[in-house]
1. Using heavy-atom solvent-accessible surface (probe 1.4 Å) with all chains present, what is the largest-first order of S66, S72?
2. Quick one: accessible area per residue over region 24-73, 1.4 Å probe, rounded to a whole number of Å²?
3. Can you tell me the FRET efficiency between L67 and R44 if r is taken as the Cβ-Cβ distance and R0 is 25 Å, rounded to the nearest 0.05?
4. Test of understanding: what is the full-extension gain from D97 to R31, defined as 0.36 nm times their sequence separation minus their Cα-Cα distance?
5. Each residue of region 44-50 in order: what ³J(HN,Hα) in whole Hz does its phi give by Karplus 6.51 cos²θ - 1.76 cosθ + 1.60, θ = phi - 60°, with x for Gly and Pro?
6. Label-point separation (nm) for Q104 and K58, each offset 7 Å from Cα along Cα-to-Cβ?
7. Label R83 and T10 with points 7 Å out from Cα along Cα→Cβ: what is the distance between them in nm?
8. Could you please report the charge total around R44, scoring K, R as +1 and D, E as -1 over all other residues with beta-carbon less than 13 angstrom from its beta-carbon?
Amino acid sequence: MNEGLGDWMTVGRLAKVAGVGVETIRYYQGRGLLPIPKNAGSFRRYPASMIQRIGFIKRAQSLGFSLDEVKSLLDLEDGRNRRAIQTVTRRRLDQIDEKVGDLQRAYSTRWRTRFHADGGQCSSVMADTVPR
């Protein structure tokens, strides 16, 4: 993207627009997730494209990716390390498949509520604890 002068912002403005704190941006820079721009006078100028990059990082985290995995995914966008990207995504998809299986087994497990005539107490007891 060819960014004009109006597409650049300070770290404070970037943080506000991206919905994160300045400390988060600095942390991401330290982890290699965001580039550290060169100084433009007495402050650094960040391209507007960093808003989308921060959004991607936050979304990937919400999907369960670690920051190390996110860094590998960002390397793909930057044109680096495609084999590592395949490994990370394959591993994450395997974990998701395992989680889906766990959730399906939990969903199919039958719970029943039994009313005890003695004292009118109600308790939940798991019936059929073994998946069919």
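1. The residues order as S66, S72, largest area first.
2. On the way: 2760 Å² over 50 residues.
Ligands and nucleic acids excluded, the figure is 55 Å² per residue.
3. According to the calculation, E is roughly 0.70.
4. Taking 0.36 nm per residue and subtracting the Cα distance, the gain is 20.9 nm.
5. Per residue, the Karplus-derived 3J(HN,Hα) values read 8, 10, 9, x, 4, 4, 5 Hz.
6. For Q104 paired with K58, the spin-label model returns 3.4 nm.
7. Placing both labels 7 Å along Cα→Cβ, they lie 4.6 nm apart.
8. Around R44, the charge tally is +4.
The values are calculated or read from the model by the stated rules, or taken from the named source; none is laboratory data. The model shown is predicted, which means the values in this text are computed figures rather than measured ones. As a convention, Cβ positions derive from the backbone with ideal geometry for all residues, glycine included, and neighbour counts pool all protein chains shown. SASA here: full protein model, heavy atoms, side chains in, ligands and nucleic acids out. Shrake-Rupley method; radii C 1.70, N 1.55, O 1.52, S 1.80 Å.
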